[in-house]
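The structure under discussion is supplied below as structure tokens; questions concerning it will follow.
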Amino acid sequence: MTPPPVFAVREVEFGYGGAFRLTGASFEVAEGEILGLVGPNSSGKTTLLRLLSKVHVPDRGEIRFRGTPIGAVGRLALARDVAVVPQEEQLAFSVSVEELVLMGRFPRGAGRLFEGPEDLARAREAMALAGVLDLGNHPVDALAGGERQRALIARALAQEPRVLLLDEPTSHLDLLHQRHLVGLLRRLNRERGMTVVFVSHDLNLAGELADRLLLLSDGRLVRLAPPREVLDEAVLEEAYGCPVWVERLASGRPVVLGVRL
Amino acid sequence: MSGWGRPGGSGGASWVALVLAVALTGLVVGPRADAGEVTDMLGRRVRVPDHAARIVSLAPSITETVFVLGEGDRLVGVTDYCDYPPEATRKPRVGGISTPSFEAILALRPDLVLATSESNYAEHVQRLVSLGLAVYVIRPVDFETVLQSIERIGAVIGREAAARARVASMRQDADAIVRAVAGAPRPRVLYVVWPNPLIAPGRGTLISELIERAGGESVTGAEPLPYPRLSLETVVERRPDRIIVGRHGQGTVEELLRGWERLGSVGAVREGRVYGVDGDVVHRPGPRMIEALRALARVIHPERVP
Amino acid sequence: MISRRRVGAATVVVAGGLAVAGLLGLATGPAPIGAGDVAAALVGRARSDLAATVVLELRLPRVLLAALAGGGLAVAGAAFQALTRNPLADPAVLGVAGGAALGAVLGHLWGLEGSLAATVGLSAAAFAGALIAATTVYLIATSGGWLPVQTLLLAGVITGLFFSAVITLVVSLVDFAQLGGILHWLMGSLGIVGYRPVAVIAVGTAAGSAMVYAQARALNLLALGEESALQLGVEAERVKRVVFVAASLLTGVIVAQTGPIGFVGLIVPHGVRLAVGADNRLLLPVAAGAGATFLVLADTLARLVVQPAELPVGVVTAFCGAPFFVYLMRTRLRRRTP
């Protein structure tokens with residue numbers, strides 16, 4: 001018996017009260033899948049992540065998490081399964097990297113006021129995986145953009161999730177660390193069966209990493225398909241509203257070269 | 001933060017509670033009055049020594065009374081505001097009238113504390129009683145009760161005869177003044193307790209009563225609150241013939257009533273009948289009340305009272 | 001990593017400081033009672049009736065009140081700062097102290113004083129006022145189920161101003177003779193206490209502080225922002241509500257007795273945060289102890305400077321607090337602002 005999809009989204013609509021509105025989104029995220037959310041600015045990508053992590057409740061429609069309506073899933077239970085790496089975070093007070101990562105242990109010991117040695121061990125493992133183990137005592141707000149992002153990734157990993165939601169995880173990373181991150185996500189997916197949903201404006205990186213791409217435009221789901229189908233000039237032009245130049249490599253892999261002038 | 005339940009004021013509940021508490025205690029202890037147990041002007045039972053040798057006064061009028069009865073030596077503590085007679089300024093201080101220092105009072109080891117319902121707080125009296133002190137409270141709210149207060153203090157400190165004599169002489173002087181101004185037309189008088197904001201004496205206050213006795217008609221004497229805050233318009237509207245300001249050592253009348261020259265329609269201002277009196281005398285319900293009466297009468301009826 | 005042991009050790013150190021401050025407070029006053037007399041009186045072997053009465057009936061309840069009020073206000077301030085994710089928040093800024101003060105003023109005018117029931121009633125009136133203020137702020141600032149920080153602070157300031165205006169209105173209508181007492185109380189005062197208000201405040205601050213401390217770990221996560229806290233499993237709205245009520249309870253119970261005392265809730269948590277970090281599990285107990293010590297010392301100073309008269313303790317905290325606050329703001333501006 002196949003497990004239910006991690007996320008099943010049906011006819012979901014959501015708006016912030018302004019002009020923008022996410023409409024009629026229906027799709028599923030399968031267990032062990034890597035799904036990339038792409039599309040122009042303000043197309044609803046981050047909003048979708050927020051709906052999946054129960055930060056917002058849809059105005060219409062339904063989201064099911066592993067078969068259960070997400071409204072019936074407790075926040076702590078969800079947080080033990082799904083970890084979110086935000087694009088950025090405004091910290092009100094200064095904390096060290098280690099303290100930040102330890103916060104990821106909250107869902108696994110919320111009843112207790114203090115973390116235990118087990119929590120510290122898991123946190124350190126996560127920091128090692130993300131490459132920030134030696135930055136443990138540094139204050140987070142003193143870190144460069146890339147290091148900060150890796151600290152956030154470490155925190156997400158410390159939750160011991162089975163699903164990772166990432167919002168623009170490579171936006172502050174240099175090429176080397178982008179490679180590292182892509183490698184890490186692939187490893188987690190292959191070795192641990194981690195389901196990954198990530199938002200990216202880098203179409204090529206998204207195409208390389210994802211099993212499927214979900215293309216959003218102006219709040220509507222325009223295409224949900226493997227990268228080869230989505231990274232197509234006609235499809236992209238309609239979504240982005242400008243001519244796009246896509247070449248295919250010998251292997252058949254599409255590469256987006258930019259806007260056609 | 002409480003009062004004794006004056007008309008129109010609140011805090012009456014605390015006064016009632018105080019009286020009830022002590023009365024109930026009295027029921028338990030027994031109704032017979034022990035030697036040395038007296039009833040003060042609030043109906044409280046107080047156990048006073050036959051000859052109190054260490055007296056603390058919690059108000060200037062009380063200090064003046066004790067001195068006038070010749071027992072200033074027995075005062076061991078007075079408030080910061082007790083400045084009359086001059087010997088009082090040499091006595092140890094126990095704090096303000098509404099901010100007494102309990103420690104300072106206790107440290108003086110008094111055997112009798114004298115308080116007044118008009119200025120001291122019920123809370124403080126309760127506290128002093130709970131600390132084991134004998135507190136006798138007077139209630140000088142009007143002319144008669146001021147005289148009674150002097151007599152009661154006299155009785156409590158063992159100078160009853162002197163007190164009676166004093167009060168009798170005060171009555172004589174008062175009667176003389178009242179006779180002197182009898183029959184004369186009553187000028188409309190505005191008394192200024194404080195100029196800015198304008199605070200005047202209302203119904204039931206000693207000052208209003210003194211003005212009446214002095215042959216004047218207080219234009220604020222019908223106000224329901226004892227010391228209402230009024231706008232300058234009242235000054236114009238009520239057309240006083242005389243304006244009297246209670247001064248407390250600072251500033252001339254012109255300085256205090258700066259700006260009032262504009263009120264040209266007011267008879268008192270136009271004719272220059274604006275006077276100052278010593279606020280320390282007029283506002284204290286004590287032995288110098290007759291001086292206050294005389295000062296007011298002199299202003300209101302200069303032709304009849306020299 | 002914060003551990004139970006580290007918190008325990010810090011609490012012991014801070015308690016030691018408080019004990020020293022307390023002894024200093026007990027040894028200060030117009031009555032000629034020195035440290036030796038104080039110690040003797042405390043162990044039940046007072047050297048004189050006067051010493052016993054002054055130390056046990058006058059100074060001890062007052063020092064206890066100062067400690068409880070200072071600790072409670074510091075915890076309330078830390079709680080509000082965690083809630084609003086802003087180090088400038090405290091019961092006064094958010095209008096909660098104003099609401100409590102109005103509740104207490106109305107309670108006093110209605111005659112609530114004297115008995116134990118009345119003291120509890122007065123605290124309840126102040127708590128009610130605090131809660132009304134807090135709820136008003138909450139309702140003004142909430143939209144669509146969210147409580148954005150900026151609107152919260154603005155709503156708090158406006159609510160505080162409104163309640164101040166109402167208090168001024170009440171004060172202007174009050175009889176002249178009562179005016180002095182109310183104005184004195186509005187400046188913050190620790191005077192005229194027996195053990196009854198101390199007991200009521202002890203219960204209130206214990207309850208309120210416990211409620212806040214139970215949420216300490218969740219409050220830490222709130223500092224990441226609403227979104228991240230929710231995604232980490234924190235029921236943010238519920239936590240905010242509980243802490244709001246607890247901090248209002250603390251403010252109400254204390255203001256009912258002492259009048260509004262400012263700056264303690266603002267600068268103590270701030271200063272402690274600079275010393276031990278922002279983790280509320282450590283910050284809250286240390287701030288409580290530091291706040292208690294601070295107010296005991298401030299009250300001792302208030303009683304010393306113009307002996308035998310007393311300054312209102314709110315004046316001392318303002319004089320100490322305002323310059324320190326300016327210093328904090330300037331160092332903060334040099335670093336990153338959140």
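Collect the residues in region B:133-171 that are assigned to a helix (DSSP H, G or I) and small (Gly, Ala, Ser), keeping them in residue-number order.
Here is the first cut: in region B:133-171, the ones assigned to a helix (DSSP H, G or I) are B:143-156, B:160-171.
Passing the criteria: B:149, B:154, B:155, B:161, B:162, B:163, B:165, B:168, B:169.
Would you mind stating whether residue B:77 is outside any helix (DSSP H, G or I) and buried (at least 23 other Cβ atoms within 10 Å of the Cβ)?
So residue B:77 passes the test.
Continuing with the same structure: For region B:40-68, give me the residue count where each residue is among the acidic types (Asp, Glu) and farther than 17 Å from residue B:88 by Cβ.
Of the residues in region B:40-68, 2 are among the acidic types (Asp, Glu) and farther than 17 Å from residue B:88 by Cβ.
Residues that are within 14 Å of chain B (Cβ to nearest Cβ), within 23 Å of the chain's Cα centre (by Cα), at negative phi and in a helix (DSSP H, G or I): does region C:7-17 have at least one?
No: zero hits.
Let me ask another. Of these, B:256, B:198, which one is touching a residue at least 60 places away in the same chain (Cβ under 8 Å) and under 25 Å from the mean Cα position of the chain (by Cα)?
When all the criteria are applied, what remains is B:256.
Would you check if residue A:100 is in a helix (DSSP H, G or I) and either at the interface with chain C (Cβ under 7 Å from one of its Cβ atoms) or among the hydroxyl-bearing types (Ser, Thr, Tyr) (or both)?
no
Can you pull out every residue in region C:265-320 that is of a type in the set (Asp, Glu) and in a loop (DSSP other than H, G, I, E, B)? Lay out the reasoning, then the answer.
Residues of region C:265-320 that are of a type in the set (Asp, Glu), as a first pass: C:279, C:299, C:310.
Listed by number, the residues that qualify are C:279, C:310.
Hey, another quick one. Checking residue B:208 against (1) assigned to a loop (DSSP other than H, G, I, E, B); (2) closer than 24 Å to residue B:149 by Cβ, which test does it fail?
Looking at each condition in turn, residue B:208 falls short on (1).
Can you tell me which residue among C:234, C:239 is in a helix (DSSP H, G or I) and either out of contact with any His (no Cβ under 9 Å at 6 or more places or on another chain) or surrounded by fewer than 23 Cβ atoms within 10 Å (Cβ to Cβ) (or both)?
On the way: C:234 fails: in a helix (DSSP H, G or I).
On inspection, the qualifying residue turns out to be C:239.
Within the group B:261, B:291, which residue is under 25 Å from residue B:84 (Cα atoms) and either of a type outside the set (Ser, Thr, Tyr) or in contact with a Lys or Arg (Cβ under 8 Å, 6 or more places away or on another chain) (or both)?
After applying the criteria, what remains is B:291.
Also: Testing residue C:206 on (1) within 14 Å of chain A (Cβ to nearest Cβ); (2) without any contact (Cβ under 8 Å) to a residue 24 or more places away in the chain; (3) farther than 24 Å from residue A:96 by Cα, one condition comes back false. Which one is that?
All conditions are met except number (1).
Inspect region A:173-186 for any residue being on the phi < 0 side of the Ramachandran plot, part of a loop (DSSP other than H, G, I, E, B) and crowded, with 17+ Cβ neighbours inside 10 Å and give the result as yes or no.
Yes, that holds for at least one residue.
Quick test of your reading of the structure: residue C:245 fulfils all but one of (1) crowded, with 24+ Cβ neighbours inside 10 Å; (2) more than 14 Å from chain A (Cβ to nearest Cβ); (3) β-branched (Val, Ile, Thr). Name the failing condition by number.
(1) is the only condition that residue C:245 fails.
Being within 14 Å of chain A (Cβ to nearest Cβ) and within 14 Å of residue C:243 (Cβ to Cβ) is the filter here; which residues of region C:87-107 pass it?
Residue satisfying the conditions is C:89 alone.
For region C:150-164, enumerate the residues that are at pLDDT below 85 and within 22 Å of the chain's Cα centre (by Cα).
C:152, C:153
Scan region C:213-231 for residues that are in a loop (DSSP other than H, G, I, E, B), within 9 Å of chain A (Cβ to nearest Cβ) and crowded, with 22+ Cβ neighbours inside 10 Å and jot them down.
C:223, C:224
Condition test on residue A:94, is it at pLDDT below 95 and under 16 Å from the mean Cα position of the chain (by Cα)?
Taking the combined requirement at face value, the residue does not satisfy it.
Report whether or not residue A:141 is within 10 Å of chain C (Cβ to nearest Cβ), surrounded by fewer than 17 Cβ atoms within 10 Å (Cβ to Cβ) and in a helix (DSSP H, G or I).
yes
From the residues in region B:95-119 that are more than 11 Å from every other protein chain (Cβ to nearest Cβ) and either among the aromatic types (Phe, Trp, Tyr) or touching a Ser or Thr at 6+ places or on another chain (Cβ under 9 Å) (or both), which one is farthest from residue B:143 (Cα to Cα)?
B:113
Continuing with this model, one more query. Can you find, within region B:120-143, the residue that is surrounded by the most Cβ atoms within 10 Å (Cβ to Cβ) among those that are at the interface with chain C (Cβ under 8 Å from one of its Cβ atoms) and touching a residue at least 12 places away in the same chain (Cβ under 8 Å)?
Looking at residues that are at the interface with chain C (Cβ under 8 Å from one of its Cβ atoms) and touching a residue at least 12 places away in the same chain (Cβ under 8 Å), I get B:121.
With respect to residue A:218, is the statement that it is in contact with a Leu (Cβ under 9 Å, 6 or more places away or on another chain), surrounded by fewer than 23 Cβ atoms within 10 Å (Cβ to Cβ) and in contact (Cβ under 8 Å) with a residue 40 or more places away in the chain true?
No; evaluated as a whole, the condition is false for this residue.
Every residue, every condition in (1) within 15 Å of the chain's Cα centre (by Cα); (2) assigned to a helix (DSSP H, G or I); (3) of a type outside the set (Asp, Glu), yes or no:
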| site | (1), (2), (3) |
| --- | --- |
| A:123 | no, yes, yes |
| A:128 | no, yes, yes |
| A:147 | no, yes, no |
| A:150 | yes, yes, yes |
| A:155 | yes, yes, yes |
| A:161 | yes, no, yes |
| A:164 | yes, no, yes |
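Out of C:42, C:58, C:23, report the one residue that is more than 14 Å from chain B (Cβ to nearest Cβ), modelled with pLDDT under 90 and closer than 30 Å to residue C:209 by Cα. Let's see the steps before the verdict.
Values: C:58 fails: more than 14 Å from chain B (Cβ to nearest Cβ); C:23 fails: modelled with pLDDT under 90.
Just a single option satisfies the conditions, and that option is C:42.
I need the full set of residues from region A:103-134 which are away from chain C (no Cβ under 13 Å) and touching a residue at least 40 places away in the same chain (Cβ under 8 Å), in order please.
A:129, A:130, A:131
Also, quick follow-up: Name the one entry in C:333, C:301, C:328, C:311 that is surrounded by fewer than 23 Cβ atoms within 10 Å (Cβ to Cβ) and at pLDDT 90 or above.
Residue meeting the stated conditions: C:301.
May I pose another question? Does residue B:104 satisfy the condition of being farther than 26 Å from residue B:36 by Cα and among the aliphatic types (A, V, I, L, M)?
Values: farther than 26 Å from residue B:36 by Cα: no; among the aliphatic types (A, V, I, L, M): yes.
Considered against the rule, which asks whether it is farther than 26 Å from residue B:36 by Cα and among the aliphatic types (A, V, I, L, M), residue B:104 comes out as no.
Would you call residue B:92 within 12 Å of chain C (Cβ to nearest Cβ), surrounded by fewer than 20 Cβ atoms within 10 Å (Cβ to Cβ) and of a type outside the set (Gly, Ala, Ser)?
yes
The values are calculated or read from the model by the stated rules, or taken from the named source; none is laboratory data. Bear in mind the structure is a predicted one, so any value in this text is a computation, not a measurement. Neighbour counts run over all protein chains shown; Cβ positions are idealised from the backbone, glycine included.
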